[in-house]
Amino acid sequence: MTPRAKKPAAPRTRATDPAPALAFGRDARHDLENPPPDLYGRPQADRLMAFLTRFGDAYSPAMGAPLLRRSPRRPESRGRAPLTLVVTAHRPVAEEVVELHLADPAGAPLPAWQPGAHLRLTLPSGRQRHYSLCGDPADRFGYRIAVRRITGGGGGSVEIHDELHLGARLTARRPRNGFAFCGEAQVLLVAGGIGITPLLPMAREAQRRGLDWHLVHAGRSRASMPFTEELTALAATGVPPAGGGGRVTLLAGGVPTGAELLARAVAGGAVYCCGPAPMLAAVQEALDALDGPPASGRQAPRRRPTALHFERFGAAPIADGRPFTLQLGPGGRTLPVPADRSALDVLREADPDQPYSCHQGFCGTCKVQLLAGTPEHRDRRLTAEERAAGALLPCVSRAAEGETLVLEVEPR
Amino acid sequence: MPRTVPEVHTDLVLEPRDVHFDWTGLPLHWIPDEPFATHTINVLHLLLPEGERWFVEVFKEALPLVRDEQLREEVLGFVGQEAIHAEAHQQVLDHLLAQGLDPRPYVRQIAWLFQRVLGPKPRLTARRRRENVIERVAFVAAIEHFTAFLGNWALNSPGLDRAGADPTMLDLLRWHGAEEVEHRSVAFDLLVHLDPGYLRRVRGMLLGGPLLVHLWVRGVRFLLAADPSLDGRVQPSWKAAWHVARRGMLPDPVQSLRSGIRYLKPGYHPTQEGSSAQALSYLAGSPAARAAAGAH
């Protein structure tokens, strides 16, 4: 579970300053009553714009007529159903790590996946957890995951270790991939602890394609590191690496530095990293050193930068959050926002169609309009003008303890 | 570009990436001594901020119609990426203005087109409003076919490197192009989810395709006329476009046309164009994406 801990990729300072204003941009109010003038300032209406406007005004109301609508004979599209999986194996593979094999209850083939993919499991308790698939994508009849017990965590790993037995049924979503393997010619896979899980299928794929690959696995002790034998066996099957030495380096005990982890990295190649947040930060820093300073001014970079692949997990943990209240319209429903949840999470519960995207206050998709209340802006997207006009990004922004933020509700 | 094995990546998780570009010192003709090629590509900056903001609005309107959880997440990831693209290109527009090339007359028209002509129409019945949303998704899907085509071209355009194009601008084009390749299926999958009818898809392309080409030609003419350093000396022509394309600074016009026609094939799916592996590999090393990842 460690690699999926909700930690930002790098140490993150809270950006509370408004974004710089734009000369003319998204907050510009364009005149939508009078058609725009001619492009070259000639004293005439723009013919193309006039034509498009007339066309649009006739086109929209025509929608819904035969041939201009969804065929009423077609049934509505439906969502894909979740998978039902049964536990076919449950065994320890390292200290505090169990491996689970999951299969279709009737033995039917499962949806295909590619290295780096994960599964979202719904446990019998209702907890939902993501786990990287660590088996062989060629095996269409079983999924394999590995789970480290995290005592004092959210309880998902403990439930899997202690309560999930052979024959238990789970629901899961189809595999999704947020860490796709791109098959670059030179690949360094860097795993921390249980972070080995998505990298194991990548190593297998790299070996199958005959790529120049190397894997570094760091852990607190040899006994705590799963799949070492499987890795060694895999590395022994193919052509030995060109530069000598093995394909797999095990670093047990101690916390390796970024430079140690990247000792085998090739500048201009690719690094895939999965492990605890501090490890990823160390790798990022060491990689910048490997690539040299970024191209300054208008000089071309000396060479292609090294690609760094890692899985992004959206929201950063809430720092210094206080409980406050959202109100949907003046006199509308009130929704308490606890200290450890974002206003967006609370809003989404009330309205599943509330849009959002980055969870980090930089894309602006979740923007809402504030009618009353004093917010604490924590985004790095909105300009001072937008903030003054009442814009708020609920994915990160909050309010002082006990404050009530009244939001505009759009009629749907 | 990194050499990768082309392979369809299925079921990718889409998330916006924050980026940081430094435009100080960007020359007006960022392909040195090639004002025609520079401004032909610059039309992107004229069209995209308003266009991509419109994509975001259309997809937000379509969200309540989506019945599949995975598609819904892909749509939200798409929306976030498009929102970041719009702002990145907006910065270039601001930079053009600071250099004495005033893009506002053209942008004003594009804003009218996307906000007024293609914007939400009040006073429609619920059923018509729904049909209008789907129709606009069909336009987005057709345009996304071109953005994926252009993105794939940007990722495989050594001609721009040979011509000494500005590295930051190349990174903008390739970062954006790579995300277009990465999310190239979303608009099409959304369209098929909302209406799998062939007529709707074809209509999106037959109306959207020629309009896009016309706006592009108009944009090139406008930029060449508005460039204070040219005094109207450079005249646009298809012949000039052909020559520049032959030297690898623009996509081949014939291939572009063929690509538009491929969209009309009944068995078309966006995964047939471009390589996710190449796109993701570029994104993992993009200086702008790495700069933003390190800055926060």
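Just so it is clear, none of the values below were taken in a lab; they were calculated from the coordinates. Given the structure is predicted, the values throughout are model-derived calculations rather than measurements. All Cβ positions, glycine included, derive from the backbone under ideal geometry; neighbour counts span all protein chains shown.
Across peptide A:57-65, the average count of Cβ atoms from other chains found within 10 Å of a residue's Cβ is 6. Would you mind checking the tilt of helix A:228-237 against the longest principal axis of the Cα atoms of chain A, expressed as 0 to 90 degrees and rounded to 10? Helix A:228-237 and the main axis of chain A meet at about 80 degrees.
Spin-label model, B:A240 to B:V8: label points 7 Å out along the Cα-to-beta-carbon direction sit 4.2 nm apart. Each residue of the stretch A:81-177 gets 93 Å³ once the volume of the Cα convex hull is shared out per residue. Principal axis extents of the Cα atoms in chain A, from largest to smallest and rounded to whole angstrom, are 77, 57, 55. Annotation: peptides A:190-196, A:153-159, ranked by per-residue average of other Cβ atoms within 10 Å with the highest first, follow the order A:190-196, A:153-159.
A DSSP coil position with no more than 11 other Cβ atoms inside 10 Å describes the following trypsin sites (Lys or Arg not before Pro) in the stretch A:61-141: A:R73, A:R78.
Per the Kirkwood definition applied to all pairs of different Cα atoms, how many angstroms is the hydrodynamic radius of the stretch B:69-218? Please report the intermediate quantities before stating the final value.
Working: mean 1/r = 0.0581 Å⁻¹.
Value: 17.2 Å, from the Cα pair sum.
Taken over the Cα atoms of the stretch A:324-407, the convex hull encloses 81 Å³ per residue.
Taking Cα atoms of the protein assembly as shown, Rg/Rh with Kirkwood Rh, to two decimals? Before the final figure, lay out each step's value.
Working: Rg = 26.1 Å, Rh = 27.1 Å.
In the protein assembly as shown, Rg relative to Rh is 0.96.
As an exercise, use a Förster radius of 30 Å and the Cβ-Cβ distance of A:R169 and A:T334 to find the FRET efficiency, rounded to the nearest 0.05. In this case the efficiency is close to 0.15. Note on the protein assembly as shown: antiparallel DSSP beta bridges, both residues inside, total approximately 60 percent of the bridges counted.
For the stretch B:52-139, dividing the convex hull volume of the Cα atoms by the residue count gives 86 Å³ per residue.
Among B:E179, A:E403, which comes first, then next, by fewest other beta-carbon atoms within 10 Å?
On the way: B:E179 28, A:E403 17.
With the sparsest Cβ surroundings first, the list reads A:E403, B:E179.
Taking the longest Cα principal axis of chain A as reference, the axis of helix A:277-291 is set at about 90 degrees.
Compared with the direct C-alpha span, the chain from A:A223 to A:R54 gains 53.5 nm at full extension, assuming 0.36 nm per residue. Modelled label positions at A:R120 and B:L207, each set 7 Å beyond Cα in the direction of Cβ, lie 3.4 nm from each other. Stretching the chain fully between A:V86 and A:Q128 yields a gain of 13.5 nm (0.36 nm per residue, less the alpha carbon separation). Rounded to the nearest 5, what % of DSSP beta bridges with both residues in the stretch A:324-407 are antiparallel? So the antiparallel bridges in the stretch A:324-407 amount to around 70 percent. Model label sites at B:H269 and B:A225, defined 7 Å from Cα along the beta-carbon direction, differ in position by 4.6 nm.
Could the peptides B:238-246, A:322-330, B:86-94 be put in order, highest first, of the mean number of other beta-carbon atoms found within 10 Å of their residues? Don't skip to the end; give the middle numbers.
Numbers: B:238-246: 14.3, A:322-330: 16.7, B:86-94: 21.3.
Most protected by this proxy first, the peptides run B:86-94, A:322-330, B:238-246.
Comparing Cα centroids, the stretch B:262-288 and the stretch A:221-271 end up 31 angstrom apart.
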